[in-house]
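**Q** A single structure is presented below for examination.
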Amino acid sequence: MRWIAVSLTIVTLLAAACSVSSSNSGSSSLTPTASPTPLKPATTPEEAAERFLSHWRAKQYDAMYDLISVSAQEETDREKFVDRYEAIAEEATITGIDYELGALVSEEGGEMPATVTIHTSFFGDIIQENTLPLVRDTITLAASPGEAAESRQEWRLQWSPSLIFAELDDRSLIHLFAKVPRRGSILDRSGEKLAFDAEVAVVGIVPDLITDPEATISVLATVLSLPESEVRAQVETDLPSYYFIPIETLPYETSPAEVQKLRDLINLGVVVQEDSLRLYPQGSLAAHLVGYLAEVTADQLDELRAEGYEPGDLVGAFGLEGRSQALLAGERGGTLATVTPEGTVGRIIAEKAAKPGKDIYLSIDVNLQRAAETLLGERVGSVVVMDPRDNSVLALASYPRFDPNAFIRGLTVKEFNDLIDDERKPFLHRPLLATYPPGSTFKVVTLAAGLEEGGFSTSSTIHCTPVWTGLGPDFPKNNWQTVDRGFLTPAEGLMASCNPVFYEMALALDHIDDAALPRFARAFGFGQPTGIAALDEAPGVAPGPQWKEEVKGEPWFSGDSVNMGIGQGFLAATPLQIANVYSAIAGDGVLRTPLLIIRTAEPGTSAAQGFTAEEINPLPVSGATLAAIRQGLTMVTQNPGGTSYSVFAGSNLDAAGKSGTAEDLPFGANHVFFVAYANRAAPSIVALVALEEGESGSREAGPIVRGILESYLNGAAVSAAP
């Protein structure tokens, strides 16, 4: 935790003075350009003033030094002069200057008015009305051996620090006092907080106020439940005695009465201060979605210093906290002022008001998110829940997870290494970033393409054999069942998830146009990001002839189309992409961007900006084809011949859905899926579960989906967005 100054003016100012001394001695990001070749001496005061300011504009501080008076050079050496300009440029975020010179006050010289506009990245333009004092100096030139020294007169500036800022004098330093605004909250659709800034009590000591160190150590160790050795190390610190030294941050839930008991220990040197702390009240719930804060890195600081950030500050580093950093953080304000070596703030040079961050309201429902995570349990995988009516995302679950609060309190080395070294990749947001062959969940696309462009109709029948030899007897392909299911319509093929039905459709499409099935895959949203706001997502792969030639350097074969027809081969999709397809099928047949952020709001005001899902494209299907797809999905769950009939046996849900099992040959594991929507008459929910390892989508993922649908439709409905 950064040091917190005691609310006593002198302590605050002394601490500020220490900070200023450090800041103004550092190197600047504004690197001066090389000094030009020395020119002839300035023969007029106007020439001296013009040269001095033009060198400043070019950041040629060394050349500026050559134009200050001999007496000024005797008081300030060249290195300190250059360092001061560089340090002030960094502290005040100066990016450059412009100037206008006035008329010389006297023909004999002496003073010249100047308006200097100092451009800063933080405060904007700071306009300084100043007067340049000019003197005619006699300069003694170095003589050659055996020759008498010569001298000449030239015009120079009688320099003082006030020529940088009029408010600055010989003793003072410059410091930017940043004002950190309230960070915007992240809330669910009903206003339940997922992340917010909270005021917490910080218990510490001020050594100057301690009269009995042993009593202070004993009492604090007892009331804070800390080892005496830990408290002693803080009490016996070698830090300045006027510092406030934090010992423990109390939980947000600590009652005012408990805090007051600690405030009453002031006679022992105990001081309680308020600090703002980022809290994630739901713990690990929706952790990948919400994200976390982390200390600003050196690279980030190069860009953010101009916005008022300092080493040790926290910035969004993951999830919404990271991707929506600018929106949530608002704009830092600050005061640029002079400070004396004693720590007294002198004169204000510039001020900027802080602007609080905006609150972000998500379409997520905390209760449904919790239900999804509970039902997923400790299976490595993900859950996506959507409302097909507006394409809003109701839950995004990923396991394993992490607790964002741990990054605020500070991870131990072991905790950090445990997370990084975990082979299950707890930082991977699986619904959006993990890609898998979609398996049989993709068969709706093959059915659509077969009916629209493959020469099949809704009444066509295809033989569902145990072994399919459409690519020739040397290339047999097995169905997942060993029984002959007879001749099936396309919808019945979906019901039975019969591979030969979809092999046959894919092969027919390939013979007509080998790019047809890949084209339909892209029209259903595969191979491209879904467009969900403010989160990273993988595009997946929708392979085709051109893709294979460019990526693999090989031609596209009929076998590639056949494999793609059952969601295998080079095809790869995220769980969100699959869920988004089924949301379009359950809804109005239009593919849209998933809606995650429903509105942003100015804190404390009624000003808000609402968002809706954007249309990507209508699914390339006729009404009859869409009806056939829906019929097949209904038979999957409600016909005794359906692959997932047992999943919904005894349920009051009127659901339609599809299971999927996909081989991941390089890794030797099967990925399993189940996706369903309900109730069919007016679908209001789509749920998809993807398990990274499994044997059956129906048996393993299906019950999880059923539980999610029931928790939503049977009395635990999602709260309405305000």
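The values are calculated or read from the model by the stated rules, or taken from the named source; none is laboratory data. This is a predicted model, so every value here is computed, not measured. Cβ sites come from the backbone with ideal geometry, for glycine too, and all protein chains shown count toward neighbours. For the accessible areas, the whole protein counts, side chains as well, though only heavy atoms, and no ligand, DNA or RNA atoms are used. Shrake-Rupley method; radii C 1.70, N 1.55, O 1.52, S 1.80 Å.
One line per residue, one yes/no per condition, for (1) part of a helix (DSSP H, G or I); (2) surrounded by 14 or more Cβ atoms within 10 Å (Cβ to Cβ):
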site: E199; (1), (2): no, no
site: G204; (1), (2): no, yes
site: D238; (1), (2): no, no
site: P251; (1), (2): no, no
site: L262; (1), (2): yes, yes
site: N267; (1), (2): yes, no
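**Q** Determine, yes or no, whether G312 is open to solvent by less than 40 Å² (accessible area, probe 1.4 Å), at positive phi, small (G, A, S) and in a loop (DSSP other than H, G, I, E, B).
**A** Yes.
**Q** Quick check on the range 59-79. Is at least one of its residues touching a residue at least 12 places away in the same chain (Cβ under 8 Å), open to solvent by less than 20 Å² (accessible area, probe 1.4 Å) and closer than 30 Å to A354 by Cβ? First the steps, then the outcome.
**A** Pass one, the range 59-79, residues touching a residue at least 12 places away in the same chain (Cβ under 8 Å): 59-72, 76, 78.
From the residues that got through so far, the ones that are open to solvent by less than 20 Å² (accessible area, probe 1.4 Å) too are 61, 63-65, 67-69, 72.
Within this subset, residues satisfying the condition of being closer than 30 Å to A354 by Cβ are none.
No, there is no match, as no residue in the range 59-79 is touching a residue at least 12 places away in the same chain (Cβ under 8 Å), open to solvent by less than 20 Å² (accessible area, probe 1.4 Å) and closer than 30 Å to A354 by Cβ.
**Q** Sticking with this one: When V562 is evaluated against the numbered criteria (1) among the β-branched types (V, I, T); (2) touching an Asp or Glu at 6+ places or on another chain (Cβ under 8 Å); (3) open to solvent by 60 Å² or more (accessible area, probe 1.4 Å), which criterion, by number, is the only one it fails?
**A** (3)
**Q** Could you check, for the range 468-491, whether at least one of its residues is modelled with pLDDT of 95 or more, open to solvent by 70 Å² or more (accessible area, probe 1.4 Å), assigned to a strand (DSSP E or B) and farther than 22 Å from A655 by Cβ?
**A** yes
**Q** Another one. May I ask you to verify whether R522 is in contact with a helix residue (DSSP H, G or I) (Cβ under 9 Å, 6 or more places away or on another chain), surrounded by fewer than 24 Cβ atoms within 10 Å (Cβ to Cβ) and not polar (S, T, N, Q)? Walk me through it before giving the result.
**A** Details: in contact with a helix residue (DSSP H, G or I) (Cβ under 9 Å, 6 or more places away or on another chain): no; surrounded by fewer than 24 Cβ atoms within 10 Å (Cβ to Cβ): yes; not polar (S, T, N, Q): yes.
So R522 fails the test.
**Q** Is it fair to say L187 is among the aliphatic types (A, V, I, L, M), within 28 Å of L428 (Cα to Cα) and open to solvent by 40 Å² or more (accessible area, probe 1.4 Å)?
**A** no
**Q** Among the helices (runs of 4 or more DSSP H) confined wholly to the range 369-434, which include 1 or more residues that are touching an Asp or Glu at 6+ places or on another chain (Cβ under 9 Å) and surrounded by fewer than 24 Cβ atoms within 10 Å (Cβ to Cβ)?
**A** 405-409, 430-433
Each row is one residue, and each column tells you yes or no for (1) in contact with a strand residue (DSSP E or B) (Cβ under 8 Å, 6 or more places away or on another chain); (2) of a type outside the set (D, E, K, R).
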{"site": "N267", "(1), (2)": "no, yes"}
{"site": "V270", "(1), (2)": "yes, yes"}
{"site": "Q273", "(1), (2)": "yes, yes"}
{"site": "S276", "(1), (2)": "yes, yes"}
{"site": "R305", "(1), (2)": "no, no"}
{"site": "G308", "(1), (2)": "yes, yes"}
{"site": "G312", "(1), (2)": "yes, yes"}
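**Q** Strands (runs of 3 or more DSSP E) wholly in the range 81-172 with at least 3 residues that are of a type in the set (A, V, I, L, M) and within 20 Å of A350 (Cβ to Cβ) - which ones?
**A** Working: elements: 94-101, 111-120, 124-141, 150-157.
Result: 111-120.
**Q** Give the range 529-553 a look and list any residue that's open to solvent by 10 Å² or more (accessible area, probe 1.4 Å), within 13 Å of L571 (Cβ to Cβ) and part of a loop (DSSP other than H, G, I, E, B), or say none.
**A** Within the range 529-553, P539, G540, A542 meet the criteria.
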